[in-house]
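This report concerns only the one structure given below.
Values in this text are rule-based calculations from the coordinates and carry no lab data. Because the structure is a prediction, the values reported are computed rather than measured. All Cβ positions, glycine included, derive from the backbone under ideal geometry; neighbour counts span all protein chains shown.
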Amino acid sequence: MTSKNAAWDVRGKVVLVTGANSGIGKATATELASRGARVVLTSRDMDKGLVAKAEIEVDSGATVDLRELDLASFRSITAFAQAFLAEYSSLHVLVHNAGLVLSDRRETEDGIEATFGINHLGAFTLNRLLLPLLERSAPARIVVVASDAHKGAWRGLDFDDLQAKRSYHGIRAYSNSKLANILFTRHLSSLIKGSGVSAFCLHPGVVATNFTGDGDAGGLWGFLFTWLRPFLLTAEKGARTSVYLSCQPDIEELSGEYFVKCRQTKPSKAALDAAAALQLWEASEVLSAEAVLPAYNS
């Protein structure tokens with residue numbers, strides 16, 4: 001095991017990037033692989049994942065691994081985590097990148113509202129399963145791709161209707177999930193303090209990616225991103241802060257903080273609510289217990 005006080009260098013480290021078959025995740029994986037990290041990609045669509053793997057290897061000049069993971073499925077998350085723990089003896093950087101926006105309310109196979117389920121609860125569940133390995137591999141880092149869209153949830157999360165059963169609006173659900181990302185990161189950081197693992201979250205910028213594609217969003221939301229695409233950041237520029245938080249030495253004392261353009265930035269008042277962060281954590285434990293407990297007990 002690496003010393004928790006060792007100088008940080010991403011070369012040779014095992015890095016897991018979720019949702020890495022396109023967009024920011026693919027750009028992040030490419031850059032980290034080019035810097036000498038041993039990168040593991042995940043994709044819910046293995047055909048797209050294989051194409052991305054080949055392209056990343058050409059662009060980075062490095063070999064990367066690919067594994068199937070669907071964050072909309074506790075079954076898939078649990079199977080992935082068990083296989084990962086069996087195959088890899090260390091994990092130094094976990095980049096929670098996968099996410100989507102949906103124009104209409106849908107549910108995962110486990111009956112969870114999909115935007116909340118994939119953007120927050122799937123990452124939360126995966127993180128709980130892999131955290132012991134991160135701690136054994138310390139120093140290690142967790143990087144969560146959130147968004148300034150969290151400011152749209154300025155009233156905070158509605159804990160009486162986390163899954164938007166009473167009323168659903170695609171942009172509001174997305175904003176809530178990004179607020180959840182920040183609350184998750186902040187509470188996680190408090191729990192792992194002193195373990196040698198740091199956690200950070202970030203806004204990548206408004207990026208011309210395909211997260212509104214593949215049937216994930218439609219209507220005005222999808223139209224606006226198509227129309228605005230020429231004015232948006234490239235995936236490579238959007239990946240810069242994820243790469244920075246994965247590679248930059250001597251930022252461990254900033255664990256729990258929110259970054260924009262590679263700089264620590266204050267998020268919304270709702271994102272700084274420690275009581276809400278704890279309440280979200282406890283609610284997420286309940287919702288994910290069926291997936292997490294069998295894996296912990298195996």
Quiz item: Only one of these conditions is not met by Thr63: (1) surrounded by 18 or more Cβ atoms within 10 Å (Cβ to Cβ); (2) touching an Asp or Glu at 6+ places or on another chain (Cβ under 7 Å). Which number is it?
Solution: (1)
Quiz item: Considering only the stretch 89-136, how many residues are among the basic types (Lys, Arg) and either surrounded by 21 or more Cβ atoms within 10 Å (Cβ to Cβ) or under 15 Å from the mean Cα position of the chain (by Cα) (or both)?
Solution: 1
Practice problem: Just need a number here: residues in the stretch 8-42 that are among the hydroxyl-bearing types (Ser, Thr, Tyr), in contact with a Leu (Cβ under 7 Å, 6 or more places away or on another chain) and either in a strand (DSSP E or B) or under 14 Å from Leu245 (Cβ atoms) (or both). | Solution: 1
